[in-house]
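Enquirer: Attaching a single structure in structure tokens format; questions to follow.
Every read-out reported here was derived from the displayed coordinates using simple, explicitly stated rules and does not represent laboratory data. Note that the coordinates shown come from a computational prediction; the quantities given were computed from them, not determined experimentally.
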Amino acid sequence: MAFDAILRANSRPYPNAATDMKILQNLSIFWAILLASTGLWAAEEFLVLADGAEVKVLFFEPQELLEAPPLALLIAGGSSSEFMARAQFWLGKELLNRGWAIAVPISPDGNGFSADNSALFPELITLLHASHALKAGKPLLLGISSGGSAALTIAAQNPAAYLGVVATPGRIDLDSSLGSLNSLPIYLRIGEQDIFHWNRGIDAMVEVLQLSGARVDAAIVPGARHIFKLDWDNLESWLTKLQ
């Protein structure tokens, strides 16, 4: 499969990060083409917040609905633009196939999501539940790369609002004050050969998260770089414990 070929290339030793970034760009383009070719299109919605601002959301739901699906919010990396959202949807697609509804918010200003605009997420969750037949309860928050970092940051602002966080990979600012995370479940995976060296900080990140009260399931993925395949049996076992 083409995705496997890209991941094999991503596991080779390269002399500089420029080549690695080219791989990430190729992977994003590959997934954008794949989603288009398979006909996996989202409902494009504009949710109006209390202050009148509009946020575009790509909404995907399982094709065969036997019961109301749980909700997961996918935070795209980079600028959180629509292109990045569609290109990084491989993680959402796997969850979609496992019965989750996926909502992907698009950054209104093209600057991505962070602590500065984290307050809009609880409102988005309320609006999504009002407009779709979703399973009652908290949503999952997930992201890849800078999207995983954003998911961790956003959840830290209001941990009681989320079922858990999946960051594959993701990182936190070790100098920031997280406050109490109220037993927030966090699933964190980082590649052993991460091109940005996030793997070097995983022990410190886990310590900070745990001291703040999070329940952390963290691991280094052997031989992996920044983008990698997930162990879905392991992740699904973790998700089952949350529901």
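Enquirer: Out of the DSSP beta bridges found with both residues in the stretch 41-242, what percent are antiparallel (nearest 5)?
Expert: On the way: 10 of 31 bridges.
Rounded to the nearest five, the antiparallel share is 30 percent.
Enquirer: Now for a different question. Tell me the Kirkwood hydrodynamic radius of the stretch 91-183 in angstroms, computed as one over the mean inverse distance between distinct C-alpha pairs. All intermediate terms of the calculation are to be shown ahead of the outcome.
Expert: On the way: mean 1/r = 0.0717 Å⁻¹.
After inverting the pairwise mean of 1/r, the radius is 13.9 Å.
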